[in-house]
1. Starting from segment 40-58, keep only residues that are exposed (fewer than 10 other Cβ atoms within 10 Å of the Cβ), then list their pairs with residues that are modelled with pLDDT of 90 or more whose Cβ atoms are within a distance under 6 Å, requiring at least 6 positions of separation or different chains.
2. Quick check on my filter: what residues within segment 107-119 are in a strand (DSSP E or B) and surrounded by 18 or more Cβ atoms within 10 Å (Cβ to Cβ)?
3. Would you please list the contacts, defined by Cβ atoms under 9 Å and residues six or more apart or on different chains, that run from a residue in segment 87-99 that is closer than 21 Å to Glu56 by Cβ to a residue that is in a helix (DSSP H, G or I)?
Amino acid sequence: MRKRLLNLTYVLILLCSCHDNYHELGSGYIYMNGRIDKELDGGGPGWTPIESVIPEEVRNYNYNKAFIIAYQIPSREWFDFETENAITKEKADSIEQLYNKMYDIHYCYWIIDKKKAQLYGPLDKKEFEKKCKKMGVKLKLNPK
């Protein structure tokens, strides 16, 4: 009985801690485990496919009905282009260019226009502030 109670407690702790790493941001966007993803149509019962929109490590974000903004310090975890068979060489090259740009900027900012399903970034702070002003994004972000 004691072992069963300990196992149940362990499972509850895991479930509660996982919940802190998952937040719905509207329009199918979610924050999960340090990144922002988009839920896609399809999948089977109990399973929804997702697409990574802003890779790890998203440090802070804010959102409303129209926009999501995010501050990111990119993770040094590198996507293994050699072993990933599901993507084309062109797609791998484009992902590699994106990662290189993120590493060059280092402190990256992003804007997602949810109504247009448009992603802007990675941007440096100056580009981000200019783009927010131009787009009328009134959200504030406190980098951590």
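The values are calculated or read from the model by the stated rules, or taken from the named source; none is laboratory data. Note that this is a predicted model, so its numbers are computed, not measured. Neighbour counts are summed over all protein chains in view; Cβ atoms, including those assigned to glycine, are modelled from backbone coordinates with ideal geometry.
1. From residues that are exposed (fewer than 10 other Cβ atoms within 10 Å of the Cβ), the pairs are Glu51/Lys38.
2. Within segment 107-119, Cys108, Tyr109, Trp110, Ile111, Ile112 meet the criteria.
3. Hits for this filter: Ile87/Ile95.
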